[in-house]
Amino acid sequence: MRKVSATAIFIFVLIGFALPVLAQFTPEEIAERPKWEEFLLNANITKEEQMMSEAVTNPWHITLELNGLTNDALWKNPEGRMKGYIEGWKFEIAAYLFDKHLGLNMIPPTVEKRFHNNRGSCQFWVKAKMTMKDKVEQKIKTPPIKVFNYNRALNLQRFFDNLIGNEDRHQNNYLITEDWRIILIDHSRSFRTGKKWTTELPYGEKNKEGLVLKEMPKDLLEKAKALTFEVIKGFTGDTLTDEEINAVLARKELIIQHINKLIEKNGEANVLY
């Protein structure tokens with residue numbers, strides 16, 4: 001979990017229903033993504049604080065500076081089994097690369113960066129109004145004008161976590177912006193390869209909480225269908241093993257089967273948009 005009160009330059013503007021179907025970042029923010037990737041990679045660290053009590057992986061909240069520009073970031077390097085879970089800092093980067101390739105644009109810029117002579121992931125620190133946990137605990141209602149897009153964003157999250165096999169989407173891993181967009185963070189427990197993660201979907205028909213993938217944009221479904229081993233390897237590089245890529249492909253097929261069942265039951269117009 002990260003503190004949502006931290007300062008950030010990645011400004012969120014009020015855009016309401018003008019937001020594209022998929023993106024949770026604005027077009028202006030997306031256009032600046034290469035700049036922030038370079039900033040994260042090359043900026044000097046001017047302040048650091050390890051978050052020992054707030055996350056299992058003990059990440060570092062760091063402040064970066066480059067050519068007069070300053071911003072915060074989150075650095076982490078978990079690797080292997082930690083407190084019963086398989087963790088991996090490369091999964092943070094792989095999730096961001098999938099987010100970009102699919103055009104979801106829900107994950108902050110994330111790159112590999114050395115810190116204390118170690119390799120790890122470095123993610124742009126996003127200022128948000130609250131986490132999902134804050135919203136639930138404080139019983140904050142979504143404004144009526146934002147409900148439609150907010151619910152669709154949650155459904156896109158379910159698709160994404162289905163695809164990447166994320167077993168750690170707890171309430172602190174949703175950041176909600178001032179204008180009710182949803183930003184997704186913390187993906188170090190993604191890209192599972194076990195049978196559980198290649199034969200059923202976390203947000204499929206068996207979800208005990210009823211959080212099921214219910215609809216998809218047509219373009220996103222086509223992008224998912226086009227994923228092959230070679231395509232994934234091409235944009236993820238060495239962040240995923242062959243086994244992890246093949247597990248993604250297995251989940252892709254499960255998603256397609258799930259969507260086809262929904263179309264057969266409810267009609268294409270009620271499933272694809």
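Angle, helix 89-102 long axis vs. longest principal axis of the chain, Cα atoms, 0 to 90°, nearest 10?
It is inclined by approximately 50 degrees.
Check which residues have an amide H placed less than 5 Å from K129's amide H, if you skip close sequence neighbours.
Amide H neighbours of K129, under 5 Å, 5+ apart: I176, T177, E178.
Go through segment 238-250 residue by residue and turn each phi into a ³J(HN,Hα) via Karplus (6.51, -1.76, 1.60, θ = phi - 60°); whole Hz please, and just put x for glycine and proline.
9, 6, 10, 7, 4, 4, 5, 5, 5, 5, 4, 5, 5
Taking 0.36 nm per intervening residue step and subtracting the Cα-Cα distance, what contour gain separates K135 from Y150 on full extension?
4.1 nm
Can you tell me what share of the DSSP beta bridges in the chain is antiparallel? A percent to the nearest 5 is fine.
Close to 95 percent.
Which aspartates and glutamates have a Cα less than 14 Å from the Cα of K225, not counting those fewer than 8 places away in the same chain?
Counting by Cα, and skipping residues close in sequence, K225 has these aspartates and glutamates nearby: E253.
Using +1 at the Cβ of each Lys and Arg and -1 at the Cβ of each Asp and Glu in segment 145-185, identify which of Y174, N149, I185 lies farthest towards the dipole's positive end.
Selected residue: N149.
Quick one: if the Förster radius is 25 Å, what FRET efficiency do K206 and Q171 give, using the C-beta to C-beta distance and rounding to 0.05?
0.75
Could you work out the relative contact order of segment 16-124? I mean the mean sequence separation of Cα pairs under 8 Å and 6+ apart, divided by the number of residues, in percent.
Contact order relative to length: 26 percent.
Would you kindly derive the ³J(HN,Hα) couplings of segment 163-171 from the backbone phi angles with the Karplus curve 6.51 cos²θ - 1.76 cosθ + 1.60 (θ = phi - 60°), listing them in order in whole Hz, with x for Gly and Pro?
Computed from phi, the couplings for segment 163-171 are 5, 8, x, 8, 9, 9, 8, 8, 5 Hz.
Which net charge results when you count Lys and Arg as +1 and Asp and Glu as -1 among the other residues whose beta-carbon is under 15 Å from that of K265?
Charge balance in the 15 Å sphere: -2.
Could you check which residue among T193, T57, T142 shows the biggest mean-square fluctuation in a GNM of the chain with a 10 Å Cα cutoff?
T142
For K35, which aspartates and glutamates qualify as cross-link partners when the Cα separation must be under 18 Å and same-chain residues fewer than eight apart are set aside?
E65, D72, D99, E112
Taking a ≥ b ≥ c as the square roots of the Cα gyration tensor eigenvalues, with a/c under 1.5 meaning rounded and otherwise prolate when a/b beats b/c, else oblate, which class fits segment 16-124?
oblate
Placing unit charges on C-beta atoms (Lys and Arg positive, Asp and Glu negative, everything else neutral), compute the dipole magnitude of the chain about its Cα centre in debye, rounded to 20.
My answer is approximately 700 debye.
Any chance you could run the full-extension gain for K265 through T228? It's 0.36 nm times the residue separation minus the Cα-Cα distance, nm to one decimal.
In short, 10.5 nm is gained.
Rounding to the nearest 20 debye, state how big the charge dipole of segment 17-159 is about its Cα centre with +1 on each Lys and Arg Cβ and -1 on each Asp and Glu Cβ.
580 debye
Taking Cα Rg over 2.2 N^0.38 Å as the quantity of interest, determine which of [x] 1.20; [y] 1.12; [z] 0.98 was computed from the displayed structure.
Among [x] 1.20; [y] 1.12; [z] 0.98, the one derived from this structure is [z].
None of the figures in this text is laboratory data; all of them are computed from the coordinates on show. Owing to the predicted nature of the structure, the values given are computational and were not obtained by experimental measurement. When we count neighbours, we look across all protein chains shown, and the Cβ atoms used for this are built from the backbone with ideal geometry, even at glycine.
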